[in-house]
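Asker: Quick one: structure below, then a few questions.
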Amino acid sequence: MRDAGDALEMFTVGAIVGAGLMFLLDPKVGRARRNYLRDKLIHGINQKRKQTSRFIRDKRNRARGVIAQAFKNQEWARRASDATSPSLQRLEERVRA
């Protein structure tokens, strides 16, 4: 009984593959179908590339924001940004004068 089931399964798979090949290799309309499928495939690939690029850019920007926020909240970072060098202080005094 198992052999009959396997044979039926193989026949069904062969029929589906044959119908698909007939659909794509039809001499009258097959070229248009192949071109349509190719265009759809290329469009899908390009859409996925755009989505991936947007996703990566979003995650990169979010990571930069988290890092900037972490540095902003650190005391040593605030002290380092507040402390200006003496040469910059002299330059500011000259500009103001």
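Where a number appears in this text, it was derived from the coordinates with a stated rule and is not lab data. Since we're looking at a predicted model, the values are computed, not measured. Here the Cβ positions follow ideal geometry from the backbone for every residue, glycine too, while neighbour counts run over all protein chains shown.
Asker: Suppose each label sits 7 Å from its Cα in the direction of the beta carbon; what would the Ala68-Tyr36 distance come out to in nanometres?
Answerer: Inter-label distance under the simple model: 4.9 nm.
Asker: Hey, what D do you get for the chain in µm²/s if you plug the Kirkwood alpha-carbon radius into Stokes-Einstein at 37 °C and 0.692 mPa s? Provide the component values of the computation, followed by the final result.
Answerer: Numbers: Rh = 21.0 Å.
Once the numbers are plugged in, D ends up at 156 µm²/s.
Asker: Straight-line reach from Lys59: which lysines have a Cα under 26 Å away, not including same-chain ones fewer than 8 places off?
Answerer: Lys48, Lys50, Lys72
Asker: Something else about it: When the helix-only estimate is applied to the chain (DSSP H runs of n ≥ 4, each -39,500 (n - 2.57), divided by the residue count), what is the mean residue ellipticity at 222 nm, nearest 500 deg cm²/dmol?
Answerer: Counting only the DSSP helices, I get -30500 deg cm²/dmol.
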